[in-house]
Amino acid sequence: MGRYDYHSAGELDAALDAAVRGASGRANSRVVGESVRRLPIRAISIKSDGGDAPTARPQAMVVANIHGNEVIGSELALALVEDLCRDQPAPAVARLLAGCDVTVVPVANPDAREASMASLSGSGLVNWAPRRNAHGVDLNRNWPFPGGVVDNWLPLSGTSNRRLPWCRGPAPFSEPETAALAALARELRPAVLLNLHSTGQILTYPWSSRAAPSADAQGFVSMAAAFRAHQTRWSYRAKQSHSWYPIIGSSNDWFHESFGTMAMTVEIAPNGAAAAKDAGLLRRPFWAANPLDPAAHIENDRGACIAALAEGLTWRQANGH
Ligand SMILES: [Zn+2]
């Protein structure tokens, strides 16, 4: 992969299939749900023992591209699947897999990802790359509020206004994509989760809905430190999500409240203003959410993701739930 190279849906599926085939029976791919437009939502699970049934081992999850325009997340997720499926995994990957199974959902919002990819070849004056699902719902505002949390006045935090990009939908889990992720989560009860988004070069962690720190704040700081220590070129800042901006009804808060999941968001790559000149940002807003050189950003973050998963798992196991 080089400059401007992003996988089409077909290319991404083929690359995931190839990785799973190369895993010598340790990995499996399944469809865990469908989008509004009936596209499959895939989950790839990598286990050290290769069995299909959920094991009693701890579980780790990676979810990418829940915002359809943030395609770089699915590209990083593919790289992680490839690293986890490798016949002779790198030592850090082998150590992670010795302690847990890992399930990756590379594209949580396939309808909007497909539309975003189509925007790259569109001939319109502006070729939009959609963030929301086909119902116009922001899938990272469509989760239940944590107990005791009330709504925030900021539309960015989640709103019932359908004209705004942060529309939370009619009810928590009203959308097939979030319902599928929740069903998978209830099966796995993951100890640790990375949500791959873009952009902003920042790591954020619960609470997103409260200003007070969570009981796991120190663990999240350690997890972020592990991530930063393994980035190879650019290093991201880290903070509690609420102090970046509040989100009410986020995936991270629901996972953390429901299962004690060490759930962290990775906002990959810098904001896209620099892309304006090179890629026609105003005609193709795709480039506001995705770096021109995806390969460089994948290289920067892939080892960091493995390190953060391992650190989050260690914290969860040492600190109970
Ligand atoms: Zn996002």
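The values are calculated or read from the model by the stated rules, or taken from the named source; none is laboratory data. On a predicted model such as this, the values are computed, not experimentally measured, just so you know. In this analysis, Cβ positions are derived from the backbone assuming ideal geometry, glycine residues included, and neighbour counts consider all displayed protein chains. In case anyone asks, the SASA skips ligands and DNA or RNA and just uses the protein heavy atoms, side chains included. Shrake-Rupley method; radii C 1.70, N 1.55, O 1.52, S 1.80 Å.
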Q.
Please determine whether any residue of region 104-113 is in a strand (DSSP E or B), within 22 Å of His230 (Cα to Cα) and modelled with pLDDT of 95 or more.
A. yes
Q.
Checking the conditions here, which among Ala225, Ala185 is touching an Asp or Glu at 6+ places or on another chain (Cβ under 9 Å), of a type in the set (A, V, I, L, M) and in a helix (DSSP H, G or I)?
A. Ala225
**Q.** Qualifying residues in region 169-186 (those that are in contact with a strand residue (DSSP E or B) (Cβ under 9 Å, 6 or more places away or on another chain) and away from the ligand (no atom under 16 Å from the Cβ)) - the one nearest to Ile41 (Cα to Cα)
**A.** Ala180
Q: For Asn152, state whether it is touching a strand residue (DSSP E or B) at 6+ places or on another chain (Cβ under 9 Å), open to solvent by 30 Å² or more (accessible area, probe 1.4 Å) and more than 25 Å from Leu39 (Cα to Cα).
A: no
Q.
Looking at Arg210, Arg168, Arg237 in this structure, which one is closer than 26 Å to Leu96 by Cβ and among the basic types (Lys, Arg)?
A. Arg237
Q.
Being more than 16 Å from the ligand (Cβ to nearest atom), among the small types (Gly, Ala, Ser) and at pLDDT 95 or above: is that true of Ser74 here?
A. no
Q. Here are some residues: Asn127, Asn65. Which one is among the polar types (S, T, N, Q) and open to solvent by less than 10 Å² (accessible area, probe 1.4 Å)?
A. Asn65
Q: Return yes or no: is Ala115 out of contact with any Cys (no Cβ under 8 Å at 6 or more places or on another chain), within 17 Å of Leu12 (Cβ to Cβ), within 16 Å of the ligand (Cβ to nearest atom) and open to solvent by 10 Å² or more (accessible area, probe 1.4 Å)?
A: yes
**Q.** Sole exception among (1) open to solvent by 40 Å² or more (accessible area, probe 1.4 Å); (2) at pLDDT 95 or above; (3) in a loop (DSSP other than H, G, I, E, B) for Asp49, by number
**A.** (2)
Q) Which of the residues belonging to region 207-229 are under 23 Å from Val81 (Cα atoms) and surrounded by fewer than 24 Cβ atoms within 10 Å (Cβ to Cβ)? A) Ala225, Ala226, Arg228, Ala229
(Q) Being away from the ligand (no atom under 16 Å from the Cβ) and modelled with pLDDT under 95 narrows it down to one residue among Gly320, Gly303; which is it? (A) Gly320
Q: For residues that are surrounded by fewer than 24 Cβ atoms within 10 Å (Cβ to Cβ), of a type in the set (Gly, Ala, Ser) and part of a loop (DSSP other than H, G, I, E, B), tally how many sit in region 68-103.
A: 1
Q. Only one of these conditions is not met by His7: (1) in a strand (DSSP E or B); (2) buried (at least 16 other Cβ atoms within 10 Å of the Cβ). Which number is it?
A. (1)
**Q.** Among residues of region 171-206, those that are open to solvent by less than 30 Å² (accessible area, probe 1.4 Å) and more than 19 Å from Thr103 (Cα to Cα), counted
**A.** 9
